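Input: a single structure, listed below in structure tokens.
The values are calculated or read from the model by the stated rules, or taken from the named source; none is laboratory data. Predicted model only: the values in this text are computed from it and were never measured. Cβ sites come from the backbone with ideal geometry, for glycine too, and all protein chains shown count toward neighbours. The accessibility values were calculated without ligands, DNA or RNA, using every heavy atom of the protein model including side chains. Shrake-Rupley method; radii C 1.70, N 1.55, O 1.52, S 1.80 Å.
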Amino acid sequence: MGASTKEFEERIAAFLELRGRHVVATNTGTSALHLALLAAGVGPGDEVVTTSFNYVADHQAIRMTGADVVMCDIRDDDLGIDCEAAAEVISKRTKAILPLHFAGIPCDVDGVYRLAAEAGLRVVEDACHAFGTSVDGRKIGSFGDIAVFSFDPVKVVTAIDGGAVVTGSERERDELHRRRLLGVDRDTVERYKNRRAWEYDVVSDGYRYHMTNILASVGISQIKRAQEFIASRQRVCRAYGAAFGTCDGVRIPAADFQGVSPFIYSLRVLDGKREALIAHLHERRIDAGIHFVPVHKHAYFASARRGDMTVTDRVVGEVVTLPLHSNMRQNFVDRVIDGVLSFFR
Ligand SMILES: Cc1ncc(COP(=O)(O)O)c(C=O)c1O
């Protein structure tokens, strides 16, 4: 870790148009989630509410703090947290709420912050899918409580591997700095100059979660092209929407992609035909994926406290992730569109 890590953090701050907020880069999004929850004061005996329709990194990060996972249902439109469902599972032990901006599309941010204010909860936004997405003209991370990003290999902006926490608190920034490097105090300034301080104190628990210069330099080269990547992905998502919007057998994402940094394109296949569509696409050598297997179905989390899962249980049987990458060639886009439409013809 050194000067490139600092430059990457500064470029993230500039890209997100942060004012008076701080970026702390880490080696993965998962470690960023862990540190963010610790900074929010989450620990043993606490509960954190998140959705089952989410990547298991969130649930494991909650467990790493010693807190318990509580899962609630999602909304049928943006597939983000259903705040009424979240309110139903809040208990005296609930410390924080961890909403996901699925596929890069913002969740019900107003509802989340209203609920958090009413119940006195911290908010850690999982913005791992949403680097560059705006809500009412403000980039996610530039407002609110704590936000977490991932720069892993498949993200819109990658550092090969990496993550970042954004907080508005200087105290939390300092705590994040310490915990990202084994609890070492007052070392970050030296390291940002590519120097090691040989006299230091260790003042808290900590992890080896820092981002290296080499990976940060990849992140720097990527973030310079973020607008281009996002715009190219928006074009593909809109082409998919135009092609599939009139197809009876599917439901397209509830977004026009204005202000959205699209991570994946998640189509919903109705009438139990998803597996047949995936097989049809594979026959045409078109890969498709599924995000996500619901976490309450995984053995380790099956006994975690949870609310009603009606929407989640239905949606996880409908979603299929179609090919999407930055600067995708038009003939690939056309092949995917033709592959899907030929199934329904
Ligand atoms: C929703 C979500 N949260 C967290 C993560 C964890 O990020 P990372 O892979 O950088 O650890 C991912 C990674 O795919 C994710 O999709």
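Any idea which of 120, 80, 104 is free of Cβ contacts under 8 Å to residues at least 40 places away in the same chain and open to solvent by less than 10 Å² (accessible area, probe 1.4 Å)? Before the answer, list the steps.
Details: 120 fails: open to solvent by less than 10 Å² (accessible area, probe 1.4 Å); 104 fails: free of Cβ contacts under 8 Å to residues at least 40 places away in the same chain.
Answer to the selection: 80.
Which of the residues that make up the range 37-64 are within 16 Å of residue 305 (Cβ to Cβ), within 16 Å of the ligand (Cβ to nearest atom) and open to solvent by 10 Å² or more (accessible area, probe 1.4 Å)?
63
Can you tell me which condition residue 209 does not meet? The list is (1) open to solvent by less than 30 Å² (accessible area, probe 1.4 Å); (2) in contact with a helix residue (DSSP H, G or I) (Cβ under 6 Å, 6 or more places away or on another chain), and all the others hold.
Only one criterion is unmet by residue 209, namely (1).
When you check residue 157 against the structure, is it closer than 13 Å to residue 97 by Cβ, β-branched (Val, Ile, Thr), away from the ligand (no atom under 11 Å from the Cβ) and in contact with a Phe, Trp or Tyr (Cβ under 9 Å, 6 or more places away or on another chain), yes or no?
On the way: closer than 13 Å to residue 97 by Cβ: no; β-branched (Val, Ile, Thr): yes; away from the ligand (no atom under 11 Å from the Cβ): yes; in contact with a Phe, Trp or Tyr (Cβ under 9 Å, 6 or more places away or on another chain): yes.
No: the conditions fail for residue 157.
Does the range 73-93 include one or more residues that are out of contact with any Pro (no Cβ under 7 Å at 6 or more places or on another chain), in a strand (DSSP E or B) and either away from the ligand (no atom under 15 Å from the Cβ) or under 19 Å from residue 149 (Cβ atoms) (or both)?
no
Report, by residue number, each residue of the range 133-149 that is assigned to a strand (DSSP E or B) and either open to solvent by less than 10 Å² (accessible area, probe 1.4 Å) or hydrophobic (A, V, I, L, M, F, W, C) (or both).
In the first step, residues of the range 133-149 are kept if they are assigned to a strand (DSSP E or B); the result is 134-135, 138-139, 146-149.
Within the range 133-149, 135, 146, 147, 148, 149 qualify.
Restricting attention to the range 158-179, report how many residues are buried (at least 20 other Cβ atoms within 10 Å of the Cβ) and of a type in the set (Lys, Arg).
2
Go through the residues of the range 180-193 one by one and say whether even a single one is touching a residue at least 60 places away in the same chain (Cβ under 8 Å), open to solvent by 70 Å² or more (accessible area, probe 1.4 Å) and either in contact with a Lys or Arg (Cβ under 9 Å, 6 or more places away or on another chain) or in a loop (DSSP other than H, G, I, E, B) (or both). I'd like the intermediate steps shown before the answer.
From the range 180-193, those touching a residue at least 60 places away in the same chain (Cβ under 8 Å) are 180-181, 191-193; that's our starting set.
In the following step, the residues that additionally are open to solvent by 70 Å² or more (accessible area, probe 1.4 Å) were identified as 193.
Narrowing the set further to residues that are either in contact with a Lys or Arg (Cβ under 9 Å, 6 or more places away or on another chain) or in a loop (DSSP other than H, G, I, E, B) (or both) leaves 193.
Yes, the range 180-193 has at least one match.
Every residue in the range 1-20 that is in a helix (DSSP H, G or I), buried (at least 19 other Cβ atoms within 10 Å of the Cβ) and among the aliphatic types (A, V, I, L, M), please.
Within the range 1-20, just 12 meets the criteria.
Looking at the structure I just gave you, is residue 130 surrounded by 20 or more Cβ atoms within 10 Å (Cβ to Cβ) and part of a loop (DSSP other than H, G, I, E, B)?
Values: surrounded by 20 or more Cβ atoms within 10 Å (Cβ to Cβ): yes; part of a loop (DSSP other than H, G, I, E, B): yes.
Yes.
Cβ-Cβ distance below 9 Å, separation of 6 or more or different chains: which pairs start in the range 140-154 with a residue that is within 8 Å of the ligand (Cβ to nearest atom) and end on one that is open to solvent by 10 Å² or more (accessible area, probe 1.4 Å) and at pLDDT below 95?
Once the first residue is within 8 Å of the ligand (Cβ to nearest atom) and sits in the range 140-154, no partner that is open to solvent by 10 Å² or more (accessible area, probe 1.4 Å) and at pLDDT below 95 comes close enough.
Yes or no, residue by residue, for (1) open to solvent by 50 Å² or more (accessible area, probe 1.4 Å); (2) more than 16 Å from the ligand (Cβ to nearest atom):
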| position | (1), (2) |
| --- | --- |
| 238 | yes, yes |
| 254 | yes, yes |
| 259 | no, yes |
| 270 | no, yes |
| 294 | no, no |
| 297 | yes, yes |
| 303 | yes, yes |
| 318 | no, yes |
| 335 | yes, yes |
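In the set 89, 42, 70, which member is touching a residue at least 60 places away in the same chain (Cβ under 8 Å), in contact with a Cys (Cβ under 6 Å, 6 or more places away or on another chain) and β-branched (Val, Ile, Thr)? Steps first, answer last, please.
On the way: 42 fails: in contact with a Cys (Cβ under 6 Å, 6 or more places away or on another chain); 70 fails: in contact with a Cys (Cβ under 6 Å, 6 or more places away or on another chain).
One residue alone meets the criteria, 89.
Would you be able to say whether some residue in the range 321-340 is touching a Ser or Thr at 6+ places or on another chain (Cβ under 9 Å) and not in a loop (DSSP other than H, G, I, E, B)? Give the derivation first.
At the first step, the residues of the range 321-340 found to be touching a Ser or Thr at 6+ places or on another chain (Cβ under 9 Å) are 321-322, 325-328.
Retained after the next criterion (residues that are not in a loop (DSSP other than H, G, I, E, B)): 321-322.
Within the range 321-340, one or more residues are touching a Ser or Thr at 6+ places or on another chain (Cβ under 9 Å) and not in a loop (DSSP other than H, G, I, E, B).
Quickly run through the range 97-120 and pick out the residues that are away from the ligand (no atom under 15 Å from the Cβ) and among the small types (Gly, Ala, Ser).
Passing the criteria: 111, 116, 117, 119, 120.
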